[in-house]
1. Looking at (1) under 22 Å from L237 (Cβ atoms); (2) part of a loop (DSSP other than H, G, I, E, B); (3) hydrophobic (A, V, I, L, M, F, W, C), which is the one condition that is false for V92?
2. Among the residues of the range 124-160, write down those that are surrounded by fewer than 17 Cβ atoms within 10 Å (Cβ to Cβ) and hydrophobic (A, V, I, L, M, F, W, C).
3. Are any of the residues in the range 50-61 assigned to a loop (DSSP other than H, G, I, E, B) and crowded, with 17+ Cβ neighbours inside 10 Å?
4. Considering the range 238-258 alone, what residues qualify as being without any contact (Cβ under 8 Å) to a residue 40 or more places away in the chain and basic (K, R)?
5. Can we say T109 is at pLDDT 95 or above, under 19 Å from V51 (Cβ atoms) and of a type in the set (S, T, Y)?
6. Which is in a helix (DSSP H, G or I) and not hydroxyl-bearing (S, T, Y), of G70, G76?
7. Taking the range 107-123, which residues are exposed (fewer than 15 other Cβ atoms within 10 Å of the Cβ) and hydroxyl-bearing (S, T, Y)?
8. Starting from residues that are surrounded by 14 or more Cβ atoms within 10 Å (Cβ to Cβ) and without any contact (Cβ under 8 Å) to a residue 60 or more places away in the chain, keep the ones in the range 168-183 and report whichever is nearest to S119 (Cα to Cα).
Amino acid sequence: MHNNNNEFPQGVALVVGGSGGVGAAVCHRLAEQGATVALTYNKNREKALEVAASLAEAGGHAEAFQLNMGDRESAGNLFASLSEQYGNIHTVVLATGYDIPQQYISEITPELWQDIIQSDVNGFFNIAHTAIPYLREEGGGSLVHVSSAGLFRYPARDALSVAPKAAIESLIKGIAKEEGVYGVRANSVAIGVIETGIFLRLKGKAFDKAWEESVLQNLCLKRFGQAEEVADAISFLASSRARYITGQIICVDGGYHV
């Protein structure tokens, strides 16, 4: 599986949320391009171990770690451990996802709003803040965040997903602006409906047939996306092929934003 095309330096790529549908696809794509992978899970240890095992079977190398993004001490310990074990942490991908209720803003309780802000925005900040010194160390690295195409074409009842991502996009641009001098790049991939993870879990419930037909009408490409297609964009932005790209957001959404 490992190649010698120098798309990634020696060290490790960390995929936060690597046990999820998109995250697992990212792990596989990074490994196919020669990167050693560490992935995290919050609760789904079994799935994380499955992903690590499948990478090993394909000739790659991966380890799974439990991580609560809201726990700064836990994040600090993980990065310190990876740095000690692998030397260089050259890539950090944030591919976490939540089964967020589809609610109108008028229906969202303040408690739920605060929970989502804590897990999504503050969780991102904890990881990014912890990662930056490590990404600087070997002359730079890459941070890639999985965002939402709803930032460009707002879907009703999606505030709990889109609003936190808007805050995170401001942080992404800030990291790109402030850390470029150290060779650190920061980019996002904004995704539409991807046939994996959250979509499959909520299909037929929050996402019924009428909802699917409505979304498809707004797509240039008349189908939903695949996790591997998201992974292609993420692996490109993380790799040396995108070494002069930073502060960008690429939509992988079948043209939903057009």
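The values are calculated or read from the model by the stated rules, or taken from the named source; none is laboratory data. Quick caveat: nothing in here was measured; it's all calculated off a predicted structure. So basically every Cβ, Gly included, is an ideal-geometry build from the backbone, and we count neighbours across all protein chains shown.
1. The number of the failed condition is (2).
2. Passing the criteria: F125, F152, A156.
3. Taking every residue of the range 50-61 in turn, at least one turns out to be assigned to a loop (DSSP other than H, G, I, E, B) and crowded, with 17+ Cβ neighbours inside 10 Å.
4. none
5. no
6. The match here is G76.
7. T109
8. Checking each candidate, the answer is I168.
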